[in-house]
Each structure stands twice: as C-alpha cells, then as structure tokens.
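Below is one structure, written out as structure tokens; the observations come after it.
The values are calculated or read from the model by the stated rules, or taken from the named source; none is laboratory data. From a predicted model like this one, the values you see are computed outputs, not experimental measurements. Glycine also receives a Cβ, built like all others from the backbone with ideal geometry; neighbour counts cover every protein chain displayed. Side chains included, ligands, DNA and RNA excluded: accessible areas come from the protein's heavy atoms. Shrake-Rupley method; radii C 1.70, N 1.55, O 1.52, S 1.80 Å.
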Amino acid sequence: FQNEINEVPFFDVQLPYELALKIFQYLGKAELGRCAQVSRTWKILAEDEVLWYRLCQEEGYLLDMSISDHSCWKLALKNCRAREHMLKTNWKNRVGAVSQLRYEPGRVLCDAHSCDGVVVAGYTSGEVRLWDTRAWDYTAPVLEAAQGPGEAGAPPHVSFVRINSSLAVAAYEDGTVSVWSLLFGREPIHRFQHNRRIQALALAPGGGAVATASGFEVKVESPDDKGFWQTPGTFEIQKLVNFLNLVPDVTGSPVAVAAAEDIVYLLKAEDPGKILHSVYGQPVTCLDVSAHEAAFGIKTFGWLLNEPNQILLYNLETNQCLTKVGNSIGDFSCVNLHNSPPNMLVAGNKDRRVRAFDLRSGECVCSLYAHQLGVSAAQMDDWKIVSGGEEGLVCVWDQRMGTKLWEMHARHPVRHVWFNSHSLITANIPEEKNPRGSSSTDDDPSVHRKYRGIIYSYEFSVDQLAVESVLPICRSSYAELTGYNYNIGLAVPYDSI
C-alpha cells in the first residue's frame, strides 16, 4: 500500500510523499506516534524506515549498521532502549555475574590493563596472560616473550602491560619491551631494549605506537605502512619521567605527553622536547590525555603559597591552558579525561574524594566521599561513576543523586578500572611483589595466596547469563596441572565430549 501512495493529505493540501517525509523528519518518537493515529496514510508515513533509522542513529544505537540491515527500525529502537534500561537497572542493583581472572601457581600480579573487554596481565614469573571476557568459555593464553641469545634462566618480572584493539605490550624489569599482535598468535612481532629500568609505558589507544621512558630518555616506536617497526623519535628529558601518554587519533608521526616531576613535555618528532607546562616546585601528580587536550594534577604546597592543588587542562594544538579546576588540600592521585563524557572530567584525590568537573564552567558538579586511603582509579559516564581506592574498595556511584549504589572489597589497592555499558573490569594489584615467607623454592605454591592480587570481571548483561552457560567455577578441567587441591574443578572428563 505504501508504494501506491503518491500524495499525502496535509489538511487542505496534497503533498508528495517525499516532501511529507521531509516534514516528518523534524518529529520525535512521541510526535510520530501521535501522527500515526491520524489516518492510515499518516500511519504509513510515520512508520517509514528512514525516519526510525535516523532516530536510532541520533540516540547512538547501531551506528555501524545501514538502513537495509533491519526490516523494522522502530522495533530495533524499542529493543535497544529496553536493553539500555535493563542494563542500567542491573548496574544499580548489582544483578549479573562476577568472575575472578586469577592465574594461580605462585605468581604475584604486577600490572593489568584492558580494552573492550580484553584483559592483559603481567606477573612476577615474567609471564603475560590474555583474557577475553566477552566469551564465557574463554581461556587465558600466555604471550611468549622473545629471549635474546644470551638470556637464560628465570625471566625478569613484568613492570607494565598495555593493550588496545590490536596490540598488547609488556615492559620487563631488565628494560626489555615486547609487542604482540592480537591477530597473529603468541609470538611477539617486535622487541626492543633499554639499558635501564623502564619507568613508564604508553600505548596509543587506536594506533600502533608504543612509547617508553627509561632514565632520562623517552623512545617512541611505531610500524610503517609495510609493518616494519621504526623509531620516529628519541627524546632526552632533563628529569625522570613519572607519567607518559600517547595522544590518540594522531595522523602522521606519534605525539607523546610526558610529565617529569614539575615539567610537562609535548614530544613531537619534528619539534623535540617542547615544554607544555613548567612551574618550579609544583610536581605533577597524575596525567591523562585525549585527542586534543591534556589534563594533569599539580601539587602546589598550599600551606606555603596559599593556593590549593588543582587540575590544569591544556590544548595540545595551541599549547595554551584552557582552564583550571579543583580546589583541594590533598593531592590529585588520578584523572580520567579520555573515557569521560564530552566536556567532563573525573578525578580522584588523596583527601578520599572523587570529583566530577564540568570543563565549560570549571565547576565541580559532583563530590563523593569514597575511600579511606585515597582514590587510585576512577571512570565516569553520563550517569554513574566507578572508583577504586588504595584500601581495595571498588565503589559504584549514581552521579546525579550523589549516592553509592554498591561496593566490592579486595585486599590490594585498585590500580585499574574500566567499564562499558554491560561489563566492568577491576584489578587489585599488590604493592609488595615478594610476599614475606614465599619464594620460588617453596614447595607449596598456595603460601600467601592472598597476597597475589586479583582481576575481577563483572557482566551485567542478561544475554550472557543464559541457563546453558558454563558457570565460572566449572571452567577448569583435569587437563590443567594446578599442583594443589583447593582450585575447585567441577568439570569431569566426559563433560567435555
């Protein structure tokens, strides 16, 4: 019937179907629903796929699909909104499943990082493990390190790990850096060496660039168009680097931002060692970078200068300070800019508060008293904030109400927090990498198990919690040589047939 409509009655005039469709494009969901009740012709017009496909895209759903991928975009929008409401309800009520990504035999967790549900973790054994939490039946393959010709014996501890959508990177205590591709197996595709211990490691969120800071040197490595790795820039820094980030979505050579005590550098290959910010005696306490801005906290010794600690926001194109936010006696211990909503920033402080700032007005829109020993990690979206503390507490907050929804506790400080609409990943990493009384010669690897650190993966999507899914406690099998008997494995040999 729709193909037979040439003119649509608009009161006392008859308009062509295409012109009437353009008028209806200015209407929202409620208005289209009311118009569909006017007449049969208006109903067909109000339920046109073009209109509902546009509404679906405007609300941020199914952005990677074309209009021909769904037969009914009105139903698709309804399902997306229902799923979003269900996920928000599950988040608020802590309805879902939690998994422990623990690698048992006598290893202490050194660092962890995640990207889109894929987690990489480095251990004191020198092993790097990879988990894909998007599937229930995942295994944790070990990414093999490439050893040099003269290297033998036990591998060194892992210092840092980073991961993005295509690469995983690990830095070791001896200055070695290994790079793996997530598409080409467990063998590293690139490896380079520093003479000294590495203080900071950075991986571009969307690209292939890797930056490392060792001693007074910052090195940037990236592959060319043919896949051959090269060094676009090596920079000499006057002081030891504390924080290092790569600017995402940069065309051409990579751009790095490094904080060395009280100096912040903008490192470009064509303009090496440009100072972005420098105030003597005001060290940088945290750093984060988005595509066009850099945010970092500075310690101003307020009892001397009568000026509180602040977070500065700089534009990376003009190198100018855009705004200053924060008015705190304590040091800002973490800041998250690139994962925050537009014009928003969330920061944690040693005064035990989590603060969300509106960068347009420079005002604090939300201040939450959270953790007893200071905040170590934080992330926010348009309605919630997830924070982690030095005492091991993970808190989920309703940002608009300013109330705590729920919390989880583990023994060690929370060093990593990441979430999307349906999952949450947290990592509790111990400060002490060699617990008292445990060594490589111990017969019982279960000694000091509580000191090893742990990674939690939370899943709030009902789609992942089907009845036939394998429960986390049942994922182990007798093929694994665990070496001790408290690792409960309920799977029996004939279950895997």
Could you tell me what percent of the accessible area of region 80-126 is made up of carbon and sulfur, with a 1.4 Å probe and every protein chain present? 44 percent
Determine the per residue accessible area of region 17-92 with all protein chains present and a 1.4 angstrom probe, expressed in square angstrom. 60 Å²
Of all accessible heavy-atom area on region 243-394, the percent that carbon and sulfur account for (1.4 Å): 49 percent
Relative contact order (percent, whole number), region 17-92, Cα cutoff 8 Å, 6+ residue spacing: 22 percent
A correct Karplus calculation of ³J(HN,Hα) over region 197-205, with 6.51 cos²θ - 1.76 cosθ + 1.60, θ = phi - 60°, whole Hz and x for Gly and Pro, returns 5, 8, 8, 8, 9, 9, 10, 4, x
Filter the trypsin sites (Lys or Arg not before Pro) in region 213-245 to those in DSSP coil with at most 15 other Cβ atoms within 10 Å of their Cβ, and list the result. 226, 239
For residue 182, which sequence-distant residues (separation of 5 or more, or a different chain) have an amide H within less than 5 Å of its own amide H, given hydrogens modelled in the peptide plane? 167, 168
With a 1.4 Å probe and all protein chains left in place, how much accessible area per residue does region 215-342 have, in Å²? 47 Å²
May I ask for the distance between the Cα centers of region 243-266 and region 283-345, given as a whole number of Å? 15 Å
What whole-number distance in Å separates the alpha-carbon centres of region 66-107 and region 34-65? 24 Å
Starting from the amide H of residue 359, placed 1.01 Å from N in the peptide plane, find each other amide H under 5 Å away whose residue is 5 or more places distant or on another chain. 344, 345
